[in-house]
Amino acid sequence: MIKFNIMPMLRAKGRTKCWLYEQMNMNYRSFNRMASGETKFIRSETIETLCQILECPPNELFIIDTTLPEA
């Protein structure tokens, strides 16, 4: 299963989820679902924004977790 790697990236950069939310300019419910890995859909514009804010390439935003079953 592909998961977001956002929270570990924030911790490594000394940033918080609240900080990222303020940078993203999106509603809190959508943001929280995305950050928690509960969303199944993400716009390419959102990926681009995350990459710019977190200063990373897109492949660093995601990890493959083989311990979780596919949905």
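The values are calculated or read from the model by the stated rules, or taken from the named source; none is laboratory data. Everything numeric in this text was worked out from a predicted model, so none of it was measured. Reconstructed Cβ throughout: ideal geometry from the backbone, glycine too, with neighbour counts over all protein chains shown. For accessibility, only protein heavy atoms count, side chains too; no ligands or nucleic acids. Shrake-Rupley method; radii C 1.70, N 1.55, O 1.52, S 1.80 Å.
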For the chain, the accessible surface attributable to carbon and sulfur atoms (probe 1.4 angstrom, ligands and nucleic acids excluded) amounts in percent to 51 percent
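Would you please name the chymotrypsin sites (Phe, Trp or Tyr not before Pro) within segment 16-71 that are DSSP coil residues with at most 14 other C-beta atoms within 10 Å of their C-beta? Kindly include the intermediate steps, with their values, before the conclusion.
Details: sites: 19, 21, 28, 31, 41, 62; in loops: 41.
Here the chymotrypsin sites (Phe, Trp or Tyr not before Pro) that fit, given the DSSP loop and packing criteria, are 41.
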Describe numerically, in nm with one decimal, the distance between label points set 7 Å from Cα along Cα→Cβ at residue 30 and at residue 56.
2.2 nm
Between residue 62 and residues 5 or more places away or on another chain, the pairs with built amide H atoms under 5 Å apart involve 5
Env charge @ residue 56, Cβ radius under 13 Å, K,R +1 / D,E -1, value -1
Give me the accessible area per residue for the chain, probe 1.4 Å, as a whole number in Å².
72 Å²
Can you tell me the 0 to 90 degree angle between the C-alpha axis of helix 44-54 and the longest principal axis of the chain, rounded to 10?
60 degrees
Helix-only estimate, please: 222 nm mean residue ellipticity of the chain, summing -39500 (n - 2.57) across DSSP H runs of length 4 or more and dividing by its residues, to the nearest 500.
-13000 deg cm²/dmol
Point-charge dipole on Cβ atoms (K/R +1, D/E -1) for the chain, about Cα centre, debye to 20
240 debye
How high is the relative contact order of the chain, given as a whole-number percent (alpha carbon pairs under 8 Å, six or more residues apart)?
57 percent
